[in-house]
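Written below as structure tokens is the structure these notes are about.
The values are calculated or read from the model by the stated rules, or taken from the named source; none is laboratory data. The structure presented is a predicted model; accordingly, all values stated were derived computationally and were not measured. Quick reminder, even Gly has a Cβ in these numbers, built from the backbone with ideal geometry, and neighbours come from all protein chains shown. Only protein heavy atoms, including side chains, enter the accessible area calculation; ligands, DNA and RNA are left aside. Shrake-Rupley method; radii C 1.70, N 1.55, O 1.52, S 1.80 Å.
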Amino acid sequence: WVGLKNFEFLFSSSNAYIITRNTVLYNVAFIILNLLMAVCFAVILSQLRSRRTIKVIQTSMLLPYFLSWVIISYFVYSFLSPEKGLFNAMILSNGGEPISWYNEPKYWPFILIFMGVWKGIGYNSIIYFASIMGIDTTYYEAAEVDGASKWQQIIHVTIPQLIPLMTILTILALGNIFRAHF
């Protein structure tokens, strides 16, 4: 036990501001993008009629959530590898020069945000999907009688019903800023 010596070391460092800023900004990006993407995927899943398709999509989306960060990083490396990566192969096939994604600092914010969203979207979308399935169908029937299209039903019925859950999950996600798992 060292008491507050670690905080003393952090705040006496010249990089304290940059470290704190990056932690907060990355987590804000994770929270906003995970919220938006998870709600979009949940709404898309709720519009599908084939239960088998829904289960396959849910399973494939949930897989990254259960994998460790090391395995996820190997998946991403297989796409971004300078020698055999999928993205560089596509760039080379179009006559471009391969990019060393991992050696360029300008790409890292996008890589980190993509990995964070990809890893969390499956779990979050299942929570929102379950909530959508719990919405009383009479709301949709009333909207349909009033002449609402599917898009209008999503905007005026589904999203307002999800707002309390979105609020709670956003508040809980704010606690992850203190974990700083990256």
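Okay, here's what the table says:
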item	result
Per residue, in Å², the accessible surface of the stretch 32-182 once ligands and nucleic acids are set aside, probe 1.4 Å	65
The chain, helix-only ellipticity at 222 nm - DSSP H runs n ≥ 4, -39,500 (n - 2.57), divided by all residues, nearest 500	-23500 deg cm²/dmol
Where only C-alpha atoms are counted, convex hull volume of the stretch 99-182 per residue in Å³	128
Integer Hz, Karplus 6.51/-1.76/1.60 couplings in order for the stretch 115-124, x for Gly and Pro	5, x, 6, 4, 6, x, 5, x, 5, 5
Lysine pair number, Cα distance threshold 28 Å (strictly under), the chain, separation 8 or more or different chains	5
Listed residues 171, 127, 32 arranged by accessible area, highest first, probe 1.4 Å	171, 32, 127
Which of 164, 113, 129, positive extreme of dipole for the stretch 85-182 (C-beta unit charges)	113
Neighbour-limited loop hits for trypsin sites (Lys or Arg not before Pro), the stretch 12-59 (at most 11 other Cβ within 10 Å; DSSP other than H, G, I, E, B)	49
Protein accessible area in the stretch 2-160, 1.4 Å probe - carbon and sulfur %	68
Inter-label distance for residue 55 and residue 104, nm, one decimal - labels placed 7 Å from Cα along Cα-to-Cβ	4.3
Qualifying GluC sites (Glu not before Pro) in the stretch 79-182, DSSP loop, other Cβ atoms within 10 Å at most 12	83
J(HN,Hα) series, the stretch 151-160, from Karplus relation 6.51 cos²θ - 1.76 cosθ + 1.60, nearest Hz, glycine and proline x	4, 5, 5, 5, 5, 9, 10, 5, 4, x
Per-q log10 I(q)/I(0), the stretch 1-100, q = 0.22, 0.25 Å⁻¹ (Debye; single scatterer per alpha-carbon; no solvent)	-1.09, -1.14
Residue-wise HN-Hα coupling along the stretch 90-107, computed from phi with Karplus coefficients 6.51, -1.76, 1.60 (Hz; x: Gly, Pro)	5, 5, 5, 5, 9, x, x, 9, x, 10, 8, 4, 7, 9, 9, x, 5, 8
